[in-house]
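See below for the structure under consideration.
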Amino acid sequence: MRHFWLIMVVFLTGILWMGCATTKQAHLMDAAPQSSVSHQKRGLFPFIGEVLMFDARHVATKATVAEARLQVGHEQKMEDGTRYIPIIGSASSTSIVRLFARVDDRTEAYIDPDTWETIYSYKHLNENDRDREYYVWFWPDDDITSVERHHKGNVVKRDYPIPPETMDSIAWVYHVRTYDLQKGQVYTSFTFDGWTINRVELRVGGEEDVWTENGFYKCRKVEIWRERSDALAPRGALSGVFIEPARKVAVESYHLADAWLANDEKHTPIRMVVDTGIGNFDLLLKSAGIATE
């Protein structure tokens with residue numbers, strides 16, 4: 001069951017109900033890196049203020065097991081001048097489900113307003129009293145992340161080498177939504193949340209109609225495949241080039257989920273069906289809107 005909730009955080013969701021994605025409610029980054037001006041500037045981030053809400057249902061029983069919210073904040077600035085856009089999510093199990101699968105998760109990703117690169121992320125995973133926190137600093141100029149893991153009063157700090165252009169998983173969702181999705185295309189990206197490097201492959205399928213309580217949406221279906229890797233610290237170098245690989249595959253690529261993105265300008269996420277060991281779970285859009293600052 002735990003793996004299902006982690007997947008929810010990875011794609012469309014996050015944690016606890018909240019008002020707006022602002023720095024007052026966020027776990028602010030400390031000494032966060034601003035991306036180098038040499039990185040590609042992508043222009044205005046098109047999802048500012050967006051609020052998406054989802055139901056998660058067990059396909060076999062059709063019972064709602066969780067509610068989720070995902071919100072993009074407005075541009076903020078730290079005292080040291082670092083600019084960022086916060087993306088904050090929440091997911092909580094509901095009703096009787098909490099008796100055997102209590103979940104209250106929170107995820108935050110902070111992206112560079114110009115390049116959309118991840119510069120910091122925070123995860124608070126509280127599942128059946130298994131409570132842990134991850135603080136992750138991304139250093140895009142060096143392909144390194146710095147991680148602090150807090151669990152049962154213990155703090156572990158470690159640096160992880162990552163492939164170029166690796167991003168936080170929640171930020172990855174928004175990158176995907178800017179793609180020109182055409183049937184037959186395949187997109188490959190790397191994500192990192194503080195514990196595993198994921199090689200994520202997006203395989204674009206055909207168009208389908210998806211029903212929600214707000215009516216039908218014309219959507220593009222995509223398959224999501226995931227390969228899990230462990231980060232390896234390089235042991236040697238030759239002429240400045242590391243001779244050890246940056247990662248070791250732990251789990252070969254497997255089908256993670258099917259997702260449906262609306263054929264609108266912003267490719268709004270409408271539905272995702274996740275494969276788990278206890279059956280399929282269906283995340284379905286409840287509402288979409290824009291919040292002011």
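The values are calculated or read from the model by the stated rules, or taken from the named source; none is laboratory data. Every value quoted in this text rests on a predicted model; they were computed, and no experiment measured them. Here Cβ is always computed from backbone atoms with ideal geometry, including for glycine, and neighbour counts include all displayed protein chains.
Brief remarks on what is shown
- Residue list for the stretch 127-144, restricted to those being touching a residue at least 60 places away in the same chain (Cβ under 8 Å) and assigned to a strand (DSSP E or B): 127, 130, 134, 135, 137, 138, 139
- When the stretch 42-65 is filtered for residues that are part of a strand (DSSP E or B) and farther than 15 Å from residue 287 by Cα, the ones remaining, listed by number, are 57, 58, 63, 64, 65.
- Failed item, numbered, when residue 110 is tested on (1) out of contact with any helix residue (DSSP H, G or I) (no Cβ under 8 Å at 6 or more places or on another chain); (2) within 20 Å of residue 162 (Cβ to Cβ); (3) modelled with pLDDT under 95: (3)
- Among the candidates 204, 176, 186, residue that is modelled with pLDDT of 95 or more and closer than 16 Å to residue 260 by Cβ: 204
- Looking across the stretch 145-177, the residues that are assigned to a loop (DSSP other than H, G, I, E, B) and in contact (Cβ under 8 Å) with a residue 60 or more places away in the chain come down to 162, 163, 177.
- Answer residue from the stretch 163-204, given it is hydroxyl-bearing (Ser, Thr, Tyr) and closer than 21 Å to residue 134 by Cβ and is surrounded by the most Cβ atoms within 10 Å (Cβ to Cβ) among those: 166
- Hey, residue 123 at pLDDT 90 or above, assigned to a strand (DSSP E or B), in contact with a helix residue (DSSP H, G or I) (Cβ under 8 Å, 6 or more places away or on another chain) and among the charged types (D, E, K, R) or not: yes
- The residues of the stretch 248-275 that are surrounded by 13 or more Cβ atoms within 10 Å (Cβ to Cβ), more than 18 Å from the chain's Cα centre (by Cα) and of a type in the set (Val, Ile, Thr) amount to a single one, 249.
- Whether a residue is outside any strand (DSSP E or B) and closer than 24 Å to residue 47 by Cα was assessed, and residue 180 passes this test.
- Filtering the stretch 173-187 for residues that are touching a strand residue (DSSP E or B) at 6+ places or on another chain (Cβ under 7 Å) and under 13 Å from residue 228 (Cβ atoms) leaves an empty set.
- Test: residue in the stretch 216-223 that is touching a Leu at 6+ places or on another chain (Cβ under 9 Å), hydroxyl-bearing (Ser, Thr, Tyr) and part of a strand (DSSP E or B): yes
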